[in-house]
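Beneath this line is the structure, given in structure tokens, with notes to follow.
Throughout, read-outs are computed from the coordinates displayed, never taken from laboratory work. Because the structure is a prediction, the values reported are computed rather than measured. Heads up, the Cβs are rebuilt from the backbone with ideal geometry, glycines too, and the neighbour counts pull from every protein chain shown.
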Amino acid sequence: MGIDEATKRVSELRDTLNEWARAYYVKDAPLVSDHEYDKLYKELVSLEEQFPELVTSDSITQRVGGKLLDGFQKVEHTTPMMSLSNAFNEQDLRDFDKRVRKGTSKSISYMVELKIDGLAINLTYNNGQFVQGATRGDGVVGEDITQNLRTVHSIPLSLQTPVTLDVRGECYMPKESFVRLNDERDKKGDSVFANPRNAAAGSLRQLDSTVTAKRQLSTFLYTIANPEALGLTTQTEALDYLDSLGFKTNHQRKLCHSIDEVWQYIEEFSDKRHSLDYEIDGIVIKVNDFDAQNELGYTVKAPKWAIAYKFPAEEVQT
Ligand SMILES: NC(=O)c1cnc(N)c2cc(Br)sc12
């Protein structure tokens, strides 16, 4: 096969494999069998070995294999990554709702989202290319874990539109992966992780990304930095835009038009959360309209337009 034919075939393989990977890892809806996927993947690896000049950093074959790091570089976030104040009962939520309605004349609806128990991350894309991934750190400065995040299949290495933006979300380990990992570690006499959040954090703080690649991590993205610069006016629009770019968002979200509706959702997930295949430690309630968010502003620590309802800690069965 000559270079022209190889170039064409490599492009076809990447488009097909990226579509299949998005279906499997982002939409949880596989289009083909693992065997079918592996067949094309092997063909792409072979062509890239025959024609190294065709390898690009966003090729699906380049997710694993960065060099062994001797530490993590510090990264300053373009805008601070927020933290949330907490609510522990219905009255706390009703007090929050009163403060919100006192703080703005706008009509209020709430975007209600599951609070994923993982590690907060920031992903930076330049002209649609994934260029940097970082931990939240203290909210202002985090650590560069780009190589490790490149191994997480639900994180696109390139977007279908050449947009420059920062997106934030949670990297987590599914419950099943957590149980399997601890079984393997226990059998080898290694220490086990206390919970999926610690397992995800430990997996992302690896200096060797080939270890991270084996940990079956996933993500839910939920924030775009400076969303109004992209013409987005609500959290609903921001989440739909993240979906359209090929990111994995959590579809259990609900737009609520009263705090009563928010409380119903919380009561519903107080039980349903145990049947999810990932851990959550609460529910995040956000004023949906960005103009109203800006009017409400921030306290020193956290936004006045959002709150995290925390589920009561559960008795650990020993
Ligand atoms: N959907 C969300 O906004 C969300 C989900 N899961 C989380 N652990 C967090 C943390 C902050 Br801070 S926001 C948020």
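Under the classification rounded if a/c is under 1.5, otherwise prolate if a/b is larger than b/c and oblate if not, where does region 137-222 fall, given a ≥ b ≥ c as square roots of the Cα gyration tensor eigenvalues?
Taking the square roots of the gyration eigenvalues as a ≥ b ≥ c, region 137-222 is prolate.
Once you compute Rg and the Kirkwood Rh from C-alpha atoms, what is the Rg to Rh ratio for region 48-180?
Details: Rg = 19.4 Å, Rh = 18.0 Å.
My calculation puts Rg/Rh at 1.08.
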- For Asp70 and Leu230 in one chain, what is 0.36 nm times their gap in residues minus the Cα-Cα distance, to one decimal in nm? 53.9 nm
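Using only the Cα atoms of region 64-139, build the gyration tensor, take square roots of its eigenvalues as a ≥ b ≥ c, and label the shape rounded, prolate or oblate: rounded if a/c is under 1.5, else prolate if a/b is larger than b/c, else oblate. Display every interim value, and only then the final one.
Numbers: a/c = 3.04, a/b = 2.30, b/c = 1.32.
Cα axes put region 64-139 in the prolate bin.
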- Task: Whole Å is fine, so just give me how far the alpha carbon centre of region 102-181 lies from that of region 190-225.
- Result: 13 Å
- So Asp138 and Glu176, fully extended at 0.36 nm per residue minus their Cα-Cα distance, gain in nm 10.7 nm
- Task: For Phe130, enumerate residues with amide H under 5 Å from its amide H, sequence gap 5+ or separate chain, H modeled in the peptide plane.
- Result: Ser158, Leu159
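What fraction of the DSSP beta bridges in the chain is antiparallel, stated in percent and rounded to the nearest 5? Please list the in-between numbers first.
Numbers: 41 of 43 bridges.
In the chain, DSSP labels about 95 percent of beta bridges as antiparallel.
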- Task: Would you mind checking the tilt of helix 175-187 against the longest principal axis of the Cα atoms of the chain, expressed as 0 to 90 degrees and rounded to 10?
- Result: 60 degrees
- In sequence order, calculated HN-Hα J values of region 47-57 (Karplus, 6.51, -1.76, 1.60; Hz; x Gly/Pro): 5, 5, 6, 6, 10, x, 5, 8, 5, 10, 5
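Please identify the longest segment of the chain free of exposed GluC sites (Glu not before Pro), where exposed means a DSSP state other than H, G, I, E or B and no more than 12 other Cβ atoms within 10 Å.
Numbers: sites that count: Glu314, Glu315.
Formally, the longest exposed-site-free interval is 1-313.
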- What is the distance in Å between the Cα centres of region 1-36 and region 241-318? 35 Å
- Calculated on alpha-carbon atoms, Rg and Dmax of the chain in Å: 21.0, 70
- Rg/Rh ratio calculated on Cα atoms of region 124-176 (Kirkwood radius): 0.99
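Cα convex hull of region 1-102: mean projected area in nm², to one decimal? Provide the component values of the computation, followed by the final result.
Numbers: hull surface 51.9 nm².
The Cα convex hull of region 1-102, projected and averaged over all directions, gives 13.0 nm².
Assuming a ≥ b ≥ c are the square roots of the Cα gyration tensor eigenvalues, decide whether region 182-287 counts as rounded (a/c under 1.5), prolate (otherwise, with a/b larger than b/c) or oblate.
Numbers: a/c = 3.26, a/b = 1.55, b/c = 2.10.
It is oblate, given that a/c is not under 1.5 and a/b is not larger than b/c.
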- Note on the structure: Rounded to the nearest 10 degrees, the helix 3-21 long axis (Cα) sits at an angle to the longest Cα principal axis of the chain of 30 degrees
- Between 0 and 90°, nearest 10: helix 259-272 axis offset from the chain longest Cα axis: 50 degrees
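Restricting to DSSP H runs of at least four residues, report the calculated mean residue ellipticity at 222 nm for the chain, -39500 (n - 2.57) per run over all residues, nearest 500 deg cm²/dmol.
Numbers: 10 runs with 114 residues, N = 318.
That comes out to -11000 deg cm²/dmol.
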- Message: Could you work out how much longer the chain between Thr16 and Phe51 gets when fully extended? Use 0.36 nm per residue separation minus the Cα distance between them, nm to one decimal.
- Response: 10.7 nm
- Note on the structure: Taking a straight Cα-to-Cα line shorter than 16 Å from Lys74, and setting aside same-chain aspartates and glutamates fewer than 8 residues away, one finds Asp138, Glu143, Asp144
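Using DSSP to call loops (not H, G, I, E or B), can you name the chymotrypsin sites (Phe, Trp or Tyr not before Pro) in region 1-105 whose Cβ has at most 14 other Cβ atoms within 10 angstrom?
Phe88
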- Query: Check Arg63: other-chain or 5+ apart residues with amide H under 5 Å from its amide H, H built from backbone geometry?
  - Reply: none
